[in-house]
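Every number here is computed from the coordinates shown, using simple stated rules; none is lab data. Here the structure is a predicted model, which means the values were calculated and not measured. Counting neighbours? That spans all protein chains shown, and the Cβs are built from the backbone with ideal geometry, glycine included.
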Amino acid sequence: MANNIEVLEEHEGNVLVLTPVGRVDSSNAPLFERMIKDRIDDGETHIVVDFTKLSFISSSGMRVLLIGAKSIRSNQGKLILCSMRDSIREIFSISGFDTIIPVVKDRVAAVDA
Amino acid sequence: MITSDFHVQVAARVSELRDLAAMVETFGETHDLPHRTIFIINLALDELVTNTLVHGSFQEGIEPKIVIDLSIRENRVRVVVESNGGRFDPTEDTEPDLTSELETRAIGGLGIHLVKTQADKFSYEFDNGINRLTLEYNLT
């Protein structure tokens, strides 16, 4: 059985900011994947994922972001990540994700990117 | 010398990971483990339990069982994950794609890479029908 995922959604101009709350793990990553896919299918071309309220992410959640980044790039859009805590930043670095998905300091920088 | 043990059997479902994570956090906070150590232990458990559920070959008629032990000995945390599926050794996993450009980056295989990279020791044995993964984390 899947667990739920809470994701706050806001628009800043033409930028969609998604703020997942709590955990993204193998139990709720499929729901997060569906949500990002739906927004890209709806025509969003600049999506920011704000990590401020995220305490944990596993490789299942990182996989969702990689799929999302690939998909939005193929629409000439971009996916930007921001406000990661150190322990999460470390696993993005170990995975080599920080070289292919932009990670910036905070939401202001992500919206302006 | 700090000595402490934590033992839990989790149901073979990914929805159990939340409860497991909460228990590990309580254990870590009780013993003043660094935040990073609690995070990487929870990450390892999430990856290994998920991997076991997805790839472990549980025999029909035998209830899948995953048992987790955490212990602290001096300056080291040891995590043992035992499961009763068929022989399955994730330490043999090949390295994932870490360098391709976004468009061609292969998806998957990251979980075990993270576990391997962050643990100070990561070993596997198959003993009497039980898969046993042992991880160790040094506390500096």
Legend entry - Computed over the protein assembly as shown, the ratio Rg/Rh where both radii use C-alpha atoms and Rh is Kirkwood: 0.98
Inset, instruction - With +1 on each Lys and Arg Cβ and -1 on each Asp and Glu Cβ, and nothing else charged, work out how big the dipole of chain B is about its Cα centre, in Debye to the nearest 20. - result: 200
Legend entry - For A:86-97, mean number of other protein chain Cβ atoms within 10 Å: 5
Legend entry - For chain B, the spread of Cα positions along each principal axis, largest first, Å: 47, 44, 27
Legend entry - Calculated diffusion of region A:6-106, Stokes-Einstein form, Kirkwood radius summed over Cα pairs, 25 °C and 0.890 mPa s, µm²/s: 184
Legend entry - Two-site label geometry, B:SER123 and B:ASN138: point separation in nm, points 7 Å out along Cα→Cβ: 1.6
Inset, instruction - Evaluate the relative contact order of chain B (contact order divided by residue number), counting alpha-carbon pairs under 8 angstrom at least 6 apart; express in whole percent. - result: 26
